[in-house]
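Q: Here you go, one structure.
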Amino acid sequence: MNKNLLLLVIFTLLSLVIVSRFLGPGYLLSLDAVAVPVRTVWPSLWSTSFFYTSLVAVLNIFLPSDWIQKLLLFAIFFLAGWGMARLVPVVSNPAKVFAGLVYAVNPFVYGRVLVGHWGLLLGYSLLPFLVKLFIGADQSKKIAGAIIAAVLFTLIISIDVHFVLIFGPVLVLLSGLAIRNVRWLGIFWGLTLLLNLNWLISILIGRSELAEAVNNFSEVDLRTFQSLADQNYGLIFNLLSGYGLWAEGRKIFVLAKDIVSFWPLITIVLLGLGCLGIVRTFKSGDKKLKIMAGLLILTSLLALDLAGGVALPSAREMFLSLYDQFPVFRGLREPQKVIGILFFGYAYLGGGGVEYIWERLSGIKRQVVVGTILLIPFVYTPTVFSGFWGQLSPVEYPQSYFQVKKILDRDKGNFLVLAFPWHQYMRYTFNHNRPVTNLAPLFFGSRVLSSQNYETKYLDSHDSRPEALHISGLLRMETEGINLLGDKIDPKPEWSAGLAAANIKYVLLFKDDDWKDYGFLDEDGKLRIIHNDNYLRLYQNDSWGTLPL
Amino acid sequence: MTTKILPVLLLFLLILYVFSAADLAVAGSLILASVLFQFSAVWLFTTAFLFFVGYIASQVFNIHFDFVADLSIASYVLFVSGLALFFIRGEKITQSLAHLKGDILKFGGMVLLTLLIYPLVGLTLALVLGYGGFIIAFPRYRSNRWSFIVAILFLIGCPIFLITKQDVMAVQSATLAYIFLIIGVFQVLANSVGQKKSPKELVHPL
């Protein structure tokens, strides 16, 4: 069988096995990854995600949202595995397959799927294709490669703008490989700049939501989303193993290392295979491969440094100073994202390591050793199978959601709909009580006012919307008996009048999480229940429109 | 010669007097010297790079020196002047650097690796590992006297850091001086053991 076709089949099958549990009807709701039946809204031209969201919106014309979501999940595993297997400079199939498997199936990818950072993973899965274009650049006389690379990088940035910081330095270093082809590099960087002018201009003229968001980030954000150390093996080893994501401390999902007790050994084997790959490269005498290996060592170390960030005791002050001097770095407030670069190194160099072993062994010994090595990714992260260890399954939105949406859509007035409970992340009963971002604004439309509070130990909120602050104030008066200034309030607030002052006509109470704490709504005579079932309760505010605004 | 040195010195003093900035004074006088003495633009680029490294280090470690205005400005001025000289004279930088290329790459690689290892293992271990990498990359510096020289440099650094009230750096510098002295002693021991085992000496003791 043709080698490329074989790889195509292997990684198609792998991806199908991983997503097979999700092929039935329903939506996958995984913390930040949320899909709703409503069609994707066309993005603003000035948005960083303009290209990607437009692409999804076009797809959404032909395909339902849940299918797009499942295709995306399939693409992450398929593109990561197949792309890396094609990229790695080895001859034997097992070495290629190993590289693809390590890149596609590892604790980093697993964790990010379960916290819903699928955009980040899609960009990660496209990196091998971008690197392949760069590697071939010095000998390419055609400019098509440069154009494709620029479009691909723009798409990756559009999928997740963090890639400017994550892949940008990697591509600057990779430009060294194509330094003799100045025309190619000029076209690539020039076109990339041109294609990204839409959001760069908005930053330059100071009207960028991105710049505003980054400027809001402070040291508290860095502390809240810093990488986590393993209790026994520390921070650096935890990061080297693909762990350390902030969400691991919140026990949101099962960690692969909680199941595989000997995971440190596997990390050491992966590091060893990477070292073997370096030895093979430097023995090969191929200058280009040597430079590539050198670049990967540098980028992996850089990734480890950045991922450690403020959590590294010896460099905490240095990183704080860096974040202070170069505010753009604040965009990486959750630095474990860059560990993907480290796994790129493991896969690329580890593939070389497997090839090294393959070349030096023969017969049954070779089959056994290499066969065992090929099992490593599956043993290291078994939790990607069986529907992510039973933690992800398609769910259907309750019928009552659609009924309430109809009621709200019928009212064409200019008003807001308040969504309670007042949390940014909630556990919905229909989603098997797994935490997920607040669904209300996505499902019920932009008129919904829902919480954007992080509610973490160090960081409560960045929300500066006046209506949201008003609601937070009312809730504080209700629950603690004090206002935002800290003054004691007696009696408790009159909700209907308070909400009317913020132009809130409807209150949507999801019967999830701590919804029973919102019984005070029933005590207000002017909040009338117009829909009530097992999932939702909709109140109409009769005080709305009666107060002078 | 004197007619050329004099304006350089005068410019140095003038800038120092007007701006109270030793960095700008060095930059200005170096640029003038490179014009008068026909230095290669490489020297301006190198100094610009060193000033920039100094600037980054001063920002990262929050170090401030009297009589130093802004190293980044001096670095920029030197760089731009270097570019101007380079194009005016039509210098072949690559030729000037050709014979040093390998060493510069190796040295740059070692510095970069040390900088990247530093956040992971701390300053002391990073410098020791960096030094280890350096003597592997440059065998001609493998002699123990280089370890002692490095130790003395750190020892000299102690009072300087104390004067500039960088107490933490002074302690760090003292620790490193001690570590490099130990490395030097170990190198002496290793060399003497190696010499004792040398078959040449055993075969021809007389």
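Q: When averaged across all projection directions, what area in nm² does the alpha-carbon convex hull of the stretch A:70-158 cover?
A: Averaged projected hull area, Cα only: 6.3 nm².
Q: Taking the Cα atoms of the stretch B:119-200, report the difference between the largest and smallest coordinate on each principal axis, in whole Å and largest first.
A: 54, 26, 17 Å, listed from the longest principal axis down.
Q: Return the long-range amide H neighbours of A:Ile529 (sequence gap of 5 or more, or a different chain), with a cut-off of under 5 Å between placed amide H atoms.
A: A:Gln540
Q: Alpha carbons only, please: Rg and Dmax for the stretch A:390-459, in angstrom.
A: 13.8, 43
Q: Can you give me the convex hull volume of the Cα atoms of the stretch A:357-405, divided per residue and expressed in Å³?
A: 107 Å³
Q: Does anyone have the angle between helix A:93-104 and the longest principal axis of chain A? Alpha-carbon axes, 0 to 90°, nearest 10?
A: So the helix axis and the longest Cα principal axis differ by about 20 degrees.
Q: May I pose another question? Putting +1 on Lys and Arg Cβ atoms and -1 on Asp and Glu Cβ atoms, find which of A:Trp422, A:Gln367, A:Leu392 reaches farthest to the positive end of the dipole of the stretch A:366-483.
A: Final value for the positive-end residue is A:Gln367.
Q: About its Cα centre, how strong a charge dipole does chain A have in debye, to the nearest 20, once Lys and Arg get +1 and Asp and Glu get -1 at the Cβ?
A: Details: 47 positive and 39 negative charges, 507 e Å.
Dipole of chain A, to the nearest 20 debye: 2440 debye.
Q: Additional query: Around A:Leu439, which amide H atoms from residues at least 5 apart in sequence, or from another chain, sit under 5 Å from its own amide H, with H modelled in the peptide plane?
A: Result for A:Leu439 returns nothing.
Q: Tally Lys/Arg at +1 and Asp/Glu at -1 over every other residue whose Cβ is under 12 Å from the Cβ of A:Thr224; what's the total?
A: Working: positive: A:Arg223, A:Arg250, A:Arg333, A:Lys457; negative: A:Glu219, A:Asp221, A:Glu334, A:Glu455, A:Asp460.
After counting each charged neighbour, the total is -1.
Q: Tell me the Kirkwood radius of the stretch A:259-363: reciprocal of the mean inverse pair distance over distinct alpha-carbon atoms, in Å.
A: Final number for the Kirkwood radius of the stretch A:259-363 is 15.5 Å.
Q: With viscosity set to 1.306 mPa s and temperature to 10 °C, compute the Stokes-Einstein D of the stretch A:328-471, Rh being the Kirkwood radius across alpha carbon pairs; µm²/s, no decimals.
A: 77 µm²/s
Q: Sticking with this structure for a sec: Taking every alpha carbon pair in the stretch A:28-87, what does the distance histogram look like in 10 angstrom bins from 0, in percent?
A: For the stretch A:28-87, the binned pair fractions read 21, 43, 30, 7 percent.
Q: Where does helix A:50-62 land angle-wise versus the long Cα axis of chain A, in degrees 0 to 90, nearest 10?
A: 80 degrees
Q: I've got another one for you. Can you give the log10 of the normalised intensity I(q)/I(0) at q = 0.09, 0.12, 0.13, 0.16 Å⁻¹, computed with Debye over equal Cα scatterers of the stretch A:1-155?
A: -0.33, -0.59, -0.69, -1.01
Q: Could you work out the per residue convex hull volume over the alpha carbons of chain A, in cubic angstrom?
A: That works out to 173 Å³ per residue.
Q: Right, next: Quick check: convex hull over the Cα atoms of the stretch A:418-466, volume per residue in Å³, rounded to an integer?
A: Roughly 82 Å³ of hull volume per residue.
Q: List the equivalent ellipsoid semi-axes of the stretch A:144-214 in whole Å, largest first, each obtained as the square root of 5λ for an eigenvalue λ of the Cα gyration tensor.
A: Numbers: eigenvalues 116, 32, 22 Å².
They are 24, 13, 11 Å, listed largest first.
Q: Per DSSP H run of at least 4 residues, take -39500 (n - 2.57); add these up for the protein assembly as shown, divide by its residues and hand me the 222 nm value, nearest 500 deg cm²/dmol.
A: Here the helix-only value at 222 nm equals -20000 deg cm²/dmol.
Q: Then there is this: Under 12 Å Cα to Cα from A:Lys96, which aspartates and glutamates show up? Leave out anything in the same chain fewer than 8 places away.
A: List returned: A:Glu355.
Q: In terms of the ratio Rg/(2.2 N^0.38 Å) built on C-alpha atoms, what value belongs to the stretch A:419-543?
A: Here the answer is 1.04, to two decimals.
Q: Report the one residue of A:Leu474, A:Gln325, A:Ser92 whose Cα lies farthest in the direction of the positive end of the charge dipole of chain A (charges on C-beta: Lys and Arg +1, Asp and Glu -1; origin at the Cα centre).
A: Working it through, the farthest residue towards the positive pole turns out to be A:Ser92.
Q: Only Lys, Arg, Asp and Glu count, each charged at its Cβ (+1, +1, -1, -1), so figure out the dipole size of the stretch A:337-421 about its Cα centre, rounded to 20 debye.
A: Charge dipole, the stretch A:337-421, about its Cα centre: 60 debye, nearest 20.
Q: Then there is this: What does the structure give for A:316-326 when I average, per residue, the other chain Cβ atoms found within 10 Å of the residue Cβ?
A: Taking the mean over all residues of the peptide, I get 2.
Q: Hey, what angle do you get for helix A:363-380 against the long axis of chain A, alpha-carbon based, 0 to 90 degrees rounded to 10?
A: 20 degrees
Q: Return the average number of partner chain Cβ atoms within 10 angstrom of each residue Cβ along peptide A:373-384.
A: Numbers: counts 0, 0, 0, 0, 0, 0, 0, 0, 0, 0, 0, 0.
Shielding by partners across A:373-384 averages 0.
Q: Two-decimal Rg/Rh of the stretch A:181-329 from alpha-carbon positions, Kirkwood Rh?
A: For the stretch A:181-329, the value is 1.05.
Computed from the coordinates by the stated procedures, all read-outs in this text should not be read as laboratory data. Keep in mind that this is a model prediction, so the values were computed, not measured. FYI the Cβ positions are ideal-geometry reconstructions off the backbone, even for glycines, and counts take in every protein chain you see.
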